[in-house]
1. Go through (1) more than 22 Å from LYS75 (Cα to Cα); (2) touching a strand residue (DSSP E or B) at 6+ places or on another chain (Cβ under 9 Å) for GLY41 and report which single condition fails.
2. For the list (1) among the β-branched types (Val, Ile, Thr); (2) within 11 Å of the chain's Cα centre (by Cα); (3) open to solvent by less than 50 Å² (accessible area, probe 1.4 Å), I need the number of the one condition that VAL11 fails.
3. If I filter region 88-120 down to residues being over 23 Å from SER24 (Cβ atoms) and among the charged types (D, E, K, R), which single residue comes out as modelled with the lowest pLDDT?
4. Residues THR120, THR90, THR105: which one is polar (S, T, N, Q) and over 15 Å from LEU19 (Cα atoms)?
5. Are there any pairs, at least 6 apart or on different chains, whose C-beta atoms fall under 7 Å, with the first in region 94-121 and under 26 Å from ALA13 (Cα atoms) and the second in a helix (DSSP H, G or I), and if so, which?
Amino acid sequence: VQLQASGGGLVQAGGSLRLSCGASGLTFSRYSMGWFRQAPGKEREFVSAISWSDGRTYYADSVKGRFTISRDNAKNTVYLQMNSLKPEDTAVYYCAADLYGSRWTTPNEYDYWGQGTQVTVSS
């Protein structure tokens, strides 16, 4: 199983980025997909998730209204559209897959993790 995150970069505050995470080696449609982030010196934190079953989405309060998660099961890909970025959004962003998952905010529930992509927001 491989999860490949991409789309990170350097952006000014107020700007946008779209992260992608392509999955291979698994039956993608059976996995809830999540995005987490980790800033230097901080613990990994939940950002967003999308259900495998009905496409329900869930967001951390800190990104609600600015970030949008979506998935394309035909392409085995999950996306995170990030708008109105703030310097505090700076972190390494990781995608993760949870088989038939429903406890989206808990990192330990996820079965597979991608390698991370750096997002840096300058003020």
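The values are calculated or read from the model by the stated rules, or taken from the named source; none is laboratory data. Everything quoted here is computed from the prediction, not taken from an experiment. Neighbour counts run over all protein chains shown; Cβ positions are idealised from the backbone, glycine included. The area values use the complete protein model at the heavy-atom level, side chains included, leaving out ligands, DNA and RNA. Shrake-Rupley method; radii C 1.70, N 1.55, O 1.52, S 1.80 Å.
1. Unmet condition: (2).
2. If we test VAL11 against (1) among the β-branched types (Val, Ile, Thr); (2) within 11 Å of the chain's Cα centre (by Cα); (3) open to solvent by less than 50 Å² (accessible area, probe 1.4 Å), just (2) comes out false.
3. ARG103
4. THR105
5. Taking only residues 6 or more apart or on different chains, the pairs are VAL119/ASP89; VAL121/PRO87; VAL121/ASP89.
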